[in-house]
Amino acid sequence: MTRFVQAGPAIRDPYTSDWQLQGWLDRLLGPAGHAAAKDRLAALAADVLGPLRAAHHDAETHPPTLTRFDPWGARIERVDTAAGWETLRASAARHAVVALPYTSDAHHTWGAGARVVQHALLHVWGPESATFTCPVAMADGAAALLTATAPDSPWLTRLTSTDPDTAVTSGQWMTESQGGSDIARSTTTARRRPDGTWTLTGDKWFCSAIDSAMAVALARPDGAGPGSRNLAPFLVPRYTADGVTPADGLQILRLKDKLGTRAVPTGEVRLDDVPAIPLGDPTTPGLARMMTLVVVTRLHNAAAAAAGMRRGLEHALSHATNRQIAGGILADNPLHRATLGGLAVDAAGAYALAAHAFTLLGADPTGPELRLVAPLAKLVTGRLAVASASEYLEAFGGAGYVEDTGIPRLLRDAQVLPIWEGTTNVLAVDVLRALTTGDGARPLLHRAEIAADAAVSRLPGVADAVVAATRRLAADVETAAADPRSDRVVAGARELALRLGNTLTAALLLEHAAWAADRGDDRPALLASLWTLRRLGAADVSADLHTHFDQLI
Ligand SMILES: Cc1cc2nc3c(=O)[nH]c(=O)nc-3n(C[C@H](O)[C@H](O)[C@H](O)COP(=O)(O)OP(=O)(O)OC[C@H]3O[C@@H](n4cnc5c(N)ncnc54)[C@H](O)[C@@H]3O)c2cc1C
């Protein structure tokens, strides 16, 4: 008897097969800028298809362990990680996924567009990095903070090194057990010693990438007032000068047993007068300084969401072309095509939002537009990523639920995206705050109006949907900004934020579509139309998703 064995999914080259990524790079960087990034992206994609996939698998199947004491009772706090994790660490340095925007070469070649190139690298590298994207995000955030507060620090040199032997990543210690969202409840204190140096004392509850050589911790300096704005960021070296012995007073109480991100060692940490270096003047309110880091990690979160969605699509597509169902090949089935087509449109929307956020980060990291776009991009992409991951599992049927296919990980790992660095609701409240800061939503609404105007002749129905959504939004934003603390406005914050994010995404997709149409490519217009009609017009576009499926992926 011959036994049927289903072929497993295979992925195509994540750079050369992704026409959407290539189109966005052509537009955002210009053809010469994209050409300058090609070798870098091609080399990374080749590694992703080869050694990095194996490293990812190794890191996922050999989770980290903590050994607190040596056999004789000496405290060592050693975190052991898989060989694959170390390979991924080296690849992050070598491919400059953190370093790129900090190098003078990149500035010379791409200017502010260096952040766009970095985003493309993350898009290709992230999905099968066993979530090494997490330490990468925090290292980039720390590098941005050090650039602003301690530009001569040797730690900055190491965070932005492309040499695997010297490069380090960073942790980010904010959350305490009594409050992750409400950091005003933090009890970790910072004390100035008579010699002018500082130490931290307190417990931190969720410390990811605890194997990093340093962390940025929030603490309340001696004499600082209550509330979150008076907290200040400190750099905590994890080890003493020998690079092996744990810092004095620093204990890792245990590693978390998490639903996903299993290769990432996440610890609970006790600090007992641990030496720390203030980042900026600790006698002045420091939360605003810390937000430099948080904005960057939120953007990395959006990048990880968009990249995971694209790679999930790739897996599901591969399976669909291999799988036989009643009536033929799964990939030919109209209902399955419409299902995957919807996911392709969502992945395109998430990419557009993340790419826009990185573009703003490159152009003006403290600008008013990014103030609103950073929480919006994280919020919208985080939710899309979880919903999409659930569909990707279902697209594999029972195999999607079986661990060693590697598919369940898509859902487990996606679920962290709407939690850390601000849950959906916490980000929605932050969006409300952003609406009353500076120009609030005006640039976003203006962008949507211009995109709709430009689309009127080519896509009149789509332009109408954007105009109608923007009008409603403008009225609702005004109401919200007039009384942002009222129960009614707060209760509607999530809905409002999602509508803002969806409208911004429609505008971004339409801008890109107009550019592509001028070059004879109508596929981006299709994606923009389907996104807009589904998300802003609440239309059933299933038949179109099926009919035009091949143009969406
Ligand atoms: C895998 C993983 C890794 C992490 N790594 C790190 C790390 O490296 N460093 C770090 O500092 N933290 C880390 N965290 C912690 C994470 O940032 C917090 O869990 C998150 O900020 C939520 O805080 P909390 O757990 O205290 O939940 P809470 O703040 O108690 O939230 C509980 C619920 O209340 C809701 N809520 C809270 N406040 C409001 C509000 N104002 N309005 C409406 N709803 C609200 C939330 O949406 C949520 O649904 C990590 C978490 C995970 C899951």
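The values are calculated or read from the model by the stated rules, or taken from the named source; none is laboratory data. Quantities reported herein were computed from a predicted structural model and do not represent experimental measurements. No Cβ is skipped: glycine too gets one built from the backbone with ideal geometry, and neighbour counts run over all protein chains shown. Just the protein is used for accessible areas: all its heavy atoms, side chains included, with ligands, DNA and RNA removed. Shrake-Rupley method; radii C 1.70, N 1.55, O 1.52, S 1.80 Å.
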Between the helical axis of 460-482 and the dominant principal axis of the chain, each derived from Cα atoms, what acute angle in degrees is found, rounded to the nearest 10?
40 degrees
When the solvent-accessible surface of protein heavy atoms is calculated with a 1.4 angstrom probe, in what order do 380, 490 fall, highest first?
490, 380
Plugging the Kirkwood radius over Cα pairs into Stokes-Einstein for region 387-477, at a temperature of 37 °C and a viscosity of 0.692 mPa s, what D comes out in µm²/s?
199 µm²/s
If the label point is 7 Å along Cα→Cβ of residue 439, which residues in region 364-398 have backbone nitrogen under 16 Å from it?
364-374
Expected sort for 416-427, 517-528 on mean C-beta neighbours within 10 Å, highest first, is 416-427, 517-528
Given a 1.4 angstrom probe, what's the average accessible area per residue across region 473-539, in square angstrom?
45 Å²
Quick one: helix 442-455 against the long Cα principal axis of the chain, what's the angle to the nearest 10°, folded into 0 to 90?
20 degrees
Which residue, chosen from 228, 255, 196, occupies the Cα position most advanced towards the positive end of the dipole of region 168-256, where the dipole is computed from +1 (Lys, Arg) and -1 (Asp, Glu) charges on Cβ about the Cα centre?
228
Applying the gyration tensor rule to the Cα atoms of region 71-171 (axes a ≥ b ≥ c; rounded if a/c under 1.5, else prolate if a/b exceeds b/c, else oblate), the class is oblate
Under a Cβ-Cβ cut-off of 15 Å, what is the net charge of the residues other than residue 284 that fall near it, where Lys and Arg count +1 and Asp and Glu count -1?
+2
Name the shape class, rounded, prolate or oblate, that the alpha-carbon gyration tensor gives for region 352-427, where a ≥ b ≥ c are the square roots of its eigenvalues, rounded holds for a/c under 1.5, and otherwise prolate holds if a/b is larger than b/c and oblate otherwise.
prolate
Round to a whole number: what % of the accessible area of region 1-149 belongs to carbon and sulfur, probe 1.4 Å?
58 percent
Taking amide hydrogens as modeled 1.01 Å from N in the peptide plane, which residues meet the under 5 Å criterion relative to residue 173, leaving out close sequence neighbours?
216, 217, 218
Rounded to the nearest 10, the angle in degrees between the Cα long axis of helix 287-322 and the longest principal axis of the Cα atoms of the chain comes to 40 degrees
Under 19 Å from the Cα of residue 204, which lysines turn up, not counting those fewer than eight places away in the same chain?
256, 258
Assign unit charges at the C-beta atoms only (+1 for Lys and Arg, -1 for Asp and Glu), then state the dipole size of the chain relative to its Cα centre in Debye, rounded to the nearest 20.
600 debye
Carbon-plus-sulfur fraction of the accessible area of region 383-491, 1.4 Å probe, in percent?
55 percent
Amide H contacts of residue 239 (H built 1.01 Å from N, under 5 Å, at least 5 apart or other chain):
247
Across region 336-349, in residue order, what do the Karplus-derived ³J(HN,Hα) couplings come to in whole Hz, using 6.51 cos²θ - 1.76 cosθ + 1.60 with θ = phi - 60° and x for Gly and Pro?
5, 4, 5, 5, 5, x, x, 5, 5, 5, 4, 5, 5, x
Over the chain, the sum of -39500 (n - 2.57) across DSSP H runs of at least four, divided by residue number and rounded to 500 deg cm²/dmol, gives at 222 nm -18000 deg cm²/dmol
At 1.4 Å probe size, with the rest of the protein present, what percent of the exposed accessible area of region 321-360 is carbon and sulfur atoms?
58 percent
In square angstrom, rounded to the nearest 10, how much accessible surface does residue 186 have for a 1.4 Å probe?
10 Å²
In sequence order, calculated HN-Hα J values of region 171-178 (Karplus, 6.51, -1.76, 1.60; Hz; x Gly/Pro):
x, 9, 9, 10, 5, 10, 4, 7
Could you rank the peptides 190-198, 465-473 by their average count of other C-beta atoms within 10 Å per residue, with the highest value first?
465-473, 190-198
Under 9 Å, Cβ to Cβ, from residue 268 - net charge with Lys/Arg +1 and Asp/Glu -1:
+3
Highest mean first, how do 498-510, 241-253 rank when packing is the count of other Cβ atoms within 10 Å averaged over residues?
498-510, 241-253
Semi-axes of the equivalent ellipsoid for region 166-205, Cα gyration tensor, largest first, Å:
21, 19, 7
Out of every Cα pair in the chain, what percent are spaced more than 40 Å from each other?
23 percent
Return the whole-Å distance between the Cα centroid of region 331-367 and the Cα centroid of region 438-468.
18 Å
